[in-house]
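Peer 1: Okay, handing you the structure first.
All of the numbers you see were taken from the coordinates with simple rules; none came from a lab. Quantities reported herein were computed from a predicted structural model and do not represent experimental measurements. FYI the Cβ positions are ideal-geometry reconstructions off the backbone, even for glycines, and counts take in every protein chain you see.
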Number of protein chains: 4
Amino acid sequence: MYREPDFSDPRLVAAPDCRFEPAPADTVLPDGFTSSTNHPTYVKVGGRWRMPERPRMDSHLVWDPASERLITKEFRLVKKGDLVATVSTEDGSQGILVWDRGFAAEVDETHVDEAFAFMATEVSREKPVNYDALFREFMANRGDQGCIVWVIGPALVHARGRVAMEWLIHNGFCHGLITGNAVGVHDVEAALYGTTLGMKADGSGAAGGHTTHMRAINEVKKAGSIKALVDQGRLTSGIMHALTVTDTPYVLGGSIRDDGPLPETIASALEAQDAMRELTVRTTMVVMVATALHSIAVGNMLPTFCTRPDGSIAEITTICVDQTEFVVNKLKDRGTHQAFGVVTNAQDFMRLVQLELADRIR
Amino acid sequence: MYREPDFSDPRLVAAPDCRFEPAPADTVLPDGFTSSTNHPTYVKVGGRWRMPERPRMDSHLVWDPASERLITKEFRLVKKGDLVATVSTEDGSQGILVWDRGFAAEVDETHVDEAFAFMATEVSREKPVNYDALFREFMANRGDQGCIVWVIGPALVHARGRVAMEWLIHNGFCHGLITGNAVGVHDVEAALYGTTLGMKADGSGAAGGHTTHMRAINEVKKAGSIKALVDQGRLTSGIMHALTVTDTPYVLGGSIRDDGPLPETIASALEAQDAMRELTVRTTMVVMVATALHSIAVGNMLPTFCTRPDGSIAEITTICVDQTEFVVNKLKDRGTHQAFGVVTNAQDFMRLVQLELADRIR
Amino acid sequence: MYREPDFSDPRLVAAPDCRFEPAPADTVLPDGFTSSTNHPTYVKVGGRWRMPERPRMDSHLVWDPASERLITKEFRLVKKGDLVATVSTEDGSQGILVWDRGFAAEVDETHVDEAFAFMATEVSREKPVNYDALFREFMANRGDQGCIVWVIGPALVHARGRVAMEWLIHNGFCHGLITGNAVGVHDVEAALYGTTLGMKADGSGAAGGHTTHMRAINEVKKAGSIKALVDQGRLTSGIMHALTVTDTPYVLGGSIRDDGPLPETIASALEAQDAMRELTVRTTMVVMVATALHSIAVGNMLPTFCTRPDGSIAEITTICVDQTEFVVNKLKDRGTHQAFGVVTNAQDFMRLVQLELADRIR
Amino acid sequence: MYREPDFSDPRLVAAPDCRFEPAPADTVLPDGFTSSTNHPTYVKVGGRWRMPERPRMDSHLVWDPASERLITKEFRLVKKGDLVATVSTEDGSQGILVWDRGFAAEVDETHVDEAFAFMATEVSREKPVNYDALFREFMANRGDQGCIVWVIGPALVHARGRVAMEWLIHNGFCHGLITGNAVGVHDVEAALYGTTLGMKADGSGAAGGHTTHMRAINEVKKAGSIKALVDQGRLTSGIMHALTVTDTPYVLGGSIRDDGPLPETIASALEAQDAMRELTVRTTMVVMVATALHSIAVGNMLPTFCTRPDGSIAEITTICVDQTEFVVNKLKDRGTHQAFGVVTNAQDFMRLVQLELADRIR
């Protein structure tokens, strides 16, 4: 249950309007600009506290007097003359309040604060994962009750999480997917040739294995697109197939290590970010599996909260699954502090989630 | 299928008997002593090639002319006057043949040898695990068909693998267990107080959590032993309970980080090794989960092969489950090269094994 | 010392010319196309064995009869009508020979092949690193004797390897640098504000720390470029400064997690790959530090060998420094099998290299 | 600077004496017993607040009215009739005060508390290590100014930290060493045969390498002890040699994975703990390198503070060096929350410490 700040607090009442300065040029900010965070934020404009649209961290608050809209804009999207907030404190005293205690009560319950305790590290393979709570979140965000965005790396495909991901897409547990060229390539490779990076499903190598992912790319190129390959009846299983036939939006963000790439891969990092953000602004739950690059990229553009259809504000459930604590902590260290870490193997996580959710929707 | 060396090979026919020298004192070896390996080994004595009893690595081959027995003895057990093999080559030419190609054919099948290939690293979280093959091994060694020895660390107890381990003991998949004081303590703690190291099952902390494991130890001490606590009806669930009521042998090997310790914990490292070895000499399958210390200790005393009841020689299936490749590779680097690595979280591994084996024995 | 294949071998003499087929469209390959590897490769054209230009893996061999050139082209650069090699064997029998034994002798020296040995894992934090050999390689490729390309991640900047990198650039040990936007940003942040990601050099946080990297970007944007900031006398230390004043080429490859980005960052993954490849085709030694993404990306486009000014063929020394074995093994698993792994902290590696090389050039 | 609790606080003045109950039997505690922590602790006895002798965690406070001594005793050392504290709160209200704010001011300085910040994870390979502060601590505890206890694992020996450790012992930076059998064995192996676990110093394997560590053990056994081998002029370098000739106390704690063991190795885990504790009760600085088992064992018996010769109370500097954050966090999760983590390779850490300390004492 979200708790608003107390706007009757005299300090907030007395606070001035937020100061805005025009951007001196396209993609250049005025001195003293404010950088946004992923917490709920209130900005005083015209004597009224309002929340900016499209919240995210590492961006900038732009006020448009004409439309009376307050928008969170990335650096690269700022235009000459845009009115950018230039306030250095976050306690409301200069017209910007970063509110990190809206969900505080819920956090407190799970926390015993003693001078001496074992197992105080937040993310550890040695801590039990509350899978029941996790499955409840999946159920609560299924179908039209939420918007679950998956962010996945290629290990999920290599290590046989592919079947589980396919099942989740078909059963209402995936409303959007963000990944890279490699997942698309190896998923198609698995569908066409039964290997990923030349490995068979039992982990052994196939003869000539180093060429099969290139052949997969070429088949897509010959067809013209993944969708065309599906329409021709040649791609009949896997993640890309499931996304295509269920019309689930996805982004393949390009990177410097891409082979091919596939026609669907967005080569420009900036255009890929735009496409990714269209998914993150409507998400209610995010599950990141086995990818540092995409998890941190998505974490950067992900608020800690969302506005539910009924207008209420709720936390975005953010799960980060990785083989090591390092990636989870790195994600947190890049500002996505709200992420709940599950330190395990992608394959086993996906298999467990499929088995246990199948049980719950039977 | 094990393939014996070809003893008609002229070089083996021509080889002299193995040379033995008396140990100059208790726990002192003659110069030039041979160190054993975990491979099948043949020693020429009286013109005949024979395999030593109780094979393991880092030990010594002792010939007793009186009883006509050839035994693999640990350094610490060698007595003054024991006749110790003193041969430096392993190719048979001096009477000792280390035979590492008895199971070679089986290895070759899974291996494509190309000049250039992806995914050539042996142990990687990114490789699919052939779980079907793993479950087949469990089924083939279940009940009186084999002897499955588990080697586990405390993470398995903290992270809720405890219920799965209990189930495995009750269902014929555990014929012996090797672990340390901590597993005993935290398992009893979980049974009596619902926490492990003060953590509740959902990962949150309990008030006063840093004392509960000490209380668990004290309850055992007051009763006199774990078995007494079971007999009094006070310990009614968990791993130690299951081992006790099914009469499954176990070893709690002492270490310098033990609290308490429990009465069942063997404080002497040397006596603990003796007890552990009684389990390893009859094992047909070993599963090591989430422990470097115990895995390497057991690996040291574990041959790569066993003699089946019908006298045939078979490989010992050796599975090592850990969160990182490092522990698996370290185990291999200490000589347990035959270990198959499963790089995952102990909790998820145990849960999956339970779910899928339950399906198979239903 | 490189050893050529024996072209008088009757099988090679009898081999037919390599078969080429035209690409059916831009960025579409003919069926049966060959994928290249990073080993020395010989292709029979017009009865003569020749090596393709610009060798790398995962690319395609294109023969241009007009210019009589044989070029290794990436998938995305193949044009309609390009004559692409379509041969499936690599043993020379169809006109393509992948030669992985040119440097075999050197490998053999360091390798004892016994049935049973400890420490057989190739990459391990527990193995001693032959730093003396490493320093000899640095000295042998210094200045105009070679071309050392560095591939680095932001941890190197955060963790105070920055001063060492600066020193290496100024002292002839860096002929090119490949990295991403973050290294540029945090290096400028450190120069202007004394923090990286808001951390001070002693690891503690600075007030308002989450905005300083954005301020660094804005200062570059206001100046117009990193070079302009240097020319204005405002950027006076660090990696980007050293690269600029020594005129050392560098590539900042864009990615989906970039803030800003800096004007020098190449947003298109494909254009970034082109720029990176111009560095990799002339390298004689590569040092990758603390980056999975860039290391694998560079590894993909890196042959195992180079042609020295005198026409001789030599191995490219490829060093991969990372905190975990995983990244080194992943790099190898993606085909860069020749990488020598140094499993350590980036900060300490850089500091040691600086201290010991400074000693050698004093 | 240590700050005592304010004993004039009315709640502390009003607090009753601590309650003590007799132990019902040897190594059995009275119900409701108190478990100690590693923080400074005050116990009210006879109306006076006093600190127990020999503080450590996971132990018990025993009051001896005859000698008027209050001692921290391990579970296993408690005798029938010992008067054991039985108090459940730690805020002083029942006569026991756990005081975790004695050094609080020093902690605060390094900490910026903001709602949103990057790099908030405590232990990370990505954070700069304040080596200057570390070297200052070494200098401040050198020679007769302090007592530096090292706790090391075998990776330090394999990976060439051996020369640095030897240097530190000879130069006043090591007043005690805690390790296991393996370090002793491989250090002697290196001195006698130039290998560790059969690896040569450049990381390559030696022929017959799997037997050399057994030969090292046998040479010690033949001599009778490590000291005898030194006295005979046969052991002339390395860690064990340096410890012996400088008369520096050490403990080789036995474990279930020991080969041999060496005569100096204490096979009983309980006796080894006793010997280790004699070192930890007088330490002023602890450096743990590359060992989980020994670090946690020592951490368990290590208070966070010591009493300086002048009677003042000071923090014990506790450094934990490991290749991964996991071991540092595990150590903290087992209660050694005060440990400062250095996430790096043992070899490089030791080499850097030697180079930079040599500079400072020149």
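Peer 1: Report, largest value first, the span of the C-alpha coordinates of region D:42-84 along each principal axis, in whole Å.
Peer 2: That works out to 29, 22, 13 Å along the principal axes.
Peer 1: What are the radius of gyration and Dmax of the protein assembly as shown, computed over its Cα atoms and given in Å?
Peer 2: Cα-based Rg and Dmax for the protein assembly as shown come out at 32.7, 105 Å.
Peer 1: Any of A:127/D:127; A:330/C:221; D:221/D:330; D:79/D:222 with alpha carbons more than 30 Å apart? Name them for me.
Peer 2: Values: A:127/D:127 24 Å; A:330/C:221 27 Å; D:221/D:330 36 Å; D:79/D:222 40 Å.
Going by Cα-Cα distance, D:221/D:330; D:79/D:222 fall outside the 30 Å limit.
Peer 1: Going by how many other Cβ atoms sit within 10 Å of their own, how do D:54, D:334 line up, fewest first?
Peer 2: Working: D:54 16, D:334 21.
The fewest-first ordering by Cβ neighbours comes to D:54, D:334.
Peer 1: Work out from phi, with θ = phi - 60° and the Karplus expression 6.51 cos²θ - 1.76 cosθ + 1.60, the ³J(HN,Hα) of each residue of region D:140-152, listed in order in whole Hz, and give x for Gly and Pro.
Peer 2: Karplus-based 3J(HN,Hα) across region D:140-152 equals 6, 10, 6, x, 8, 8, x, 9, 9, 9, 9, 10, 10 Hz.
Peer 1: Across region D:246-256, in residue order, what do the Karplus-derived ³J(HN,Hα) couplings come to in whole Hz, using 6.51 cos²θ - 1.76 cosθ + 1.60 with θ = phi - 60° and x for Gly and Pro?
Peer 2: Rounded to whole hertz, the list is 9, 6, 8, x, 8, 10, 9, x, x, 8, 5.
Peer 1: Sticking with this one: Per-residue Cβ counts within 10 Å, from other chains only, averaged over B:29-38: what number is that?
Peer 2: Working: counts 6, 1, 4, 2, 4, 2, 9, 4, 6, 1.
Shielding by partners across B:29-38 averages 4.
Peer 1: Also, quick follow-up: Send over the per residue convex hull volume for region A:217-274, Cα only, as a whole number of Å³.
Peer 2: Per-residue hull volume (Cα only) is 81 Å³.
Peer 1: Along the charge dipole of region C:221-325, pointing to its positive end and built from +1/-1 on Cβ of Lys, Arg, Asp and Glu, which listed residue (C:253, C:301, C:228) has its Cα farthest out?
Peer 2: About the Cα centre, the residue reaching furthest to the positive side is C:228.
Peer 1: Still on this structure, please answer the following. Enumerate the amide H contacts of residue B:180 below 5 Å, restricted to partners 5 or more residues apart or on another chain; note that Pro and chain-start residues carry no placed amide H.
Peer 2: HN-HN under 5 Å from residue B:180: B:253.
Peer 1: Please give the net charge around residue D:269, taking every other residue with its beta carbon less than 9 angstrom from that of residue D:269, where Lys and Arg add +1 and Asp and Glu add -1. Before the final figure, lay out the partial values.
Peer 2: Numbers: positive: B:257; negative: B:258, D:271.
Taking every Cβ under 9 Å from that of residue D:269, the sum is -1.
Peer 1: List the residues, sorted by chain then number, that are 5 or more residues from residue C:318 or on another chain and whose placed amide H is less than 5 Å from its amide H.
Peer 2: So residue C:318 has HN proximity to C:286, C:340.
Peer 1: I've got another one for you. Between region B:1-60 and region D:79-99, what is the separation of their alpha carbon centroids in Å?
Peer 2: With region B:1-60 and region D:79-99 each reduced to a Cα centre, they are spaced 61 Å.
Peer 1: Just to check, using Stokes-Einstein with a Kirkwood Rh over alpha carbon pairs, what's the diffusion coefficient of region A:309-362 at 10 °C and 1.306 mPa s in µm²/s? Kindly include the intermediate steps, with their values, before the conclusion.
Peer 2: Working: Rh = 13.0 Å.
Estimated diffusion coefficient is 122 µm²/s.
Peer 1: Sorted from fewest to most neighbouring beta carbons within 10 Å, what does the list C:150, B:63 look like?
Peer 2: Values: C:150 26, B:63 21.
If I rank by nearby Cβ atoms, fewest first, I get B:63, C:150.
Peer 1: Rounded to the nearest 0.05, what FRET efficiency is calculated for residue C:13 and residue B:140 with R0 set to 56 Å and r the Cβ-Cβ distance? Before the final figure, lay out each step's value.
Peer 2: Working: r = 53 Å, r/R0 = 0.95.
The formula returns an efficiency of 0.60 here.
Peer 1: Taking the Cβ of residue C:252 as the center, what net charge do the other residues with Cβ under 12 Å away carry, scoring Lys and Arg +1 and Asp and Glu -1? It would help to have the intermediate numbers written out before the result.
Peer 2: Values: positive: none; negative: C:187, C:258, C:264, C:271.
Here the count lands on -4.
Peer 1: Can you compute the charge dipole magnitude of region B:254-323 about its Cα centre, using +1 on each Lys and Arg Cβ and -1 on each Asp and Glu Cβ, nothing else charged? Give it in debye, rounded to the nearest 20.
Peer 2: Working: 4 positive and 9 negative charges, 40 e Å.
Dipole size: approximately 200 debye.
Peer 1: Kindly express, to the nearest 10 degrees and within the range 0 to 90, the angle between helix C:181-193's C-alpha long axis and the longest C-alpha principal axis of chain C.
Peer 2: 20 degrees
Peer 1: OK, next. Can you tell me the orientation of helix D:269-280 relative to chain D, as the angle in degrees between its alpha-carbon axis and the longest Cα principal axis, to the nearest 10?
Peer 2: The angle comes out near 80 degrees.
Peer 1: Let me ask another. Quick check: Cα centre of region C:107-186 to Cα centre of region D:274-327, how many Å?
Peer 2: Their Cα centres are 34 Å away from one another.
Peer 1: Per residue of D:208-218, how many C-beta atoms from partner chains lie within 10 Å of its own C-beta, taken as a mean?
Peer 2: 6
Peer 1: With everything on Cα atoms, drop me the angle between helix D:346-361 and the longest principal axis of chain D, reported from 0 to 90° to the nearest 10.
Peer 2: It works out to around 80 degrees.
Peer 1: Could you tell me the convex hull volume per residue, in Å³, taken over the Cα atoms of region B:1-74? Don't skip to the answer; put the middle values down first.
Peer 2: Numbers: hull volume 8.1 nm³, N = 74.
Here the figure is 109 Å³ per residue.
Peer 1: From the alpha carbon gyration tensor of chain D, can you work out the equivalent ellipsoid semi-axes (sqrt of 5 times each eigenvalue) and give them in Å, largest to smallest?
Peer 2: Numbers: eigenvalues 307, 132, 61 Å².
Ellipsoid half-lengths, sorted descending, are 39, 26, 17 Å.
Peer 1: Residues in region B:7-38, backbone N under 13 Å from the label point at residue B:313 (7 Å along the Cα-to-beta-carbon vector): list them, ranges by number please.
Peer 2: Those under the cut-off are B:7, B:37-38.
Peer 1: With +1 on each Lys and Arg Cβ and -1 on each Asp and Glu Cβ, how big is the dipole of the protein assembly as shown about its Cα centre, in debye rounded to the nearest 20?
Peer 2: Computed charge dipole of the protein assembly as shown: roughly 0 debye.
Peer 1: Show me, for region C:122-133, the HN-Hα J-couplings you get by feeding each phi into the Karplus relation (A = 6.51, B = -1.76, C = 1.60, θ = phi - 60°), rounded to Hz, glycine and proline as x.
Peer 2: 6, 10, 7, 4, 8, 8, x, 8, 7, 5, 4, 5
Peer 1: Pull up all non-local amide H partners of residue D:147: gap of 5 or more, or a different chain, and H-to-H distance under 5 Å with H placed in the peptide plane.
Peer 2: Long-range HN contacts for residue D:147: D:284, D:285.
Peer 1: If you don't mind, there's one more thing I want to ask. Suppose each label sits 7 Å from its Cα in the direction of the beta carbon; what would the residue B:171-residue A:132 distance come out to in nanometres?
Peer 2: That separation, rounded to one decimal, is 2.0 nm.
Peer 1: Could you quickly flag the chain C residue whose beta carbon comes closest to the rotation axis taking C to D, and that distance in whole angstrom?
Peer 2: Rotation axis C onto D, closest Cβ, rounded to whole Å: C:348, 2.
Peer 1: Right, here's the next one. Residues with beta-carbon under 9 Å from that of residue C:306, excluding residue C:306: net charge, scoring Lys, Arg +1 and Asp, Glu -1? Don't jump to the answer; show the numbers that get you there.
Peer 2: Numbers: positive: C:282, C:308; negative: C:315.
That sum, taken over residues with Cβ under 9 Å, equals +1.
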